Amino acid sequence: MAIIIKDRVKQFSTTLGSGQLTLSTVPNGYVGFSEVFASGDTTYYCIENRNEFEIGLGTYGVGGANTLSRDTVLNSSTGA
């Protein structure tokens, strides 16, 4: 499994909890996941919500279009 890293990829999500993310709006100046990743591609991710964060490895598109699975949590503000 190769890990793919791309620059300036950012999308918002309103997904709550610890499951798969459904990705939504792309902020100006960035590209969306679907523009650079194919279904099944693995990449690093960072989720931020104010002072909370999670960093990990995820897989794009395995749960449907514009989704990101959270396969391995490497670090988080909760100590996971």
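Going through segment 33-55 one residue at a time, which ones are over 18 Å from R70 (Cβ atoms) and either open to solvent by less than 50 Å² (accessible area, probe 1.4 Å) or in contact with a Lys or Arg (Cβ under 8 Å, 6 or more places away or on another chain) (or both)?
Residue satisfying the conditions is V36 alone.
Here is a list: V31, V73, V36. Which entry is closer than 19 Å to I5 by Cβ and under 12 Å from the mean Cα position of the chain (by Cα)?
Just a single option satisfies the conditions, and that option is V73.
Just to verify a result, which residue in segment 56-72, among those that are surrounded by 16 or more Cβ atoms within 10 Å (Cβ to Cβ) and of a type outside the set (G, A, S), is modelled with the lowest pLDDT?
N66
Tell me, which residue of segment 7-31 that is under 11 Å from L68 (Cβ atoms) and part of a loop (DSSP other than H, G, I, E, B) is most open to solvent (accessible area, probe 1.4 Å)?
Out of the qualifying residues, it is Q20.
The values are calculated or read from the model by the stated rules, or taken from the named source; none is laboratory data. Only a predicted model underlies this, so the values are computations on that prediction, with no experimental measurement involved. Please note: Cβ atoms are built from the backbone with ideal geometry, for glycine as well, and neighbour counts cover all protein chains shown. When the accessible area is computed, the model is the full protein with side chains, heavy atoms only, and any ligands, DNA or RNA have been set aside. Shrake-Rupley method; radii C 1.70, N 1.55, O 1.52, S 1.80 Å.
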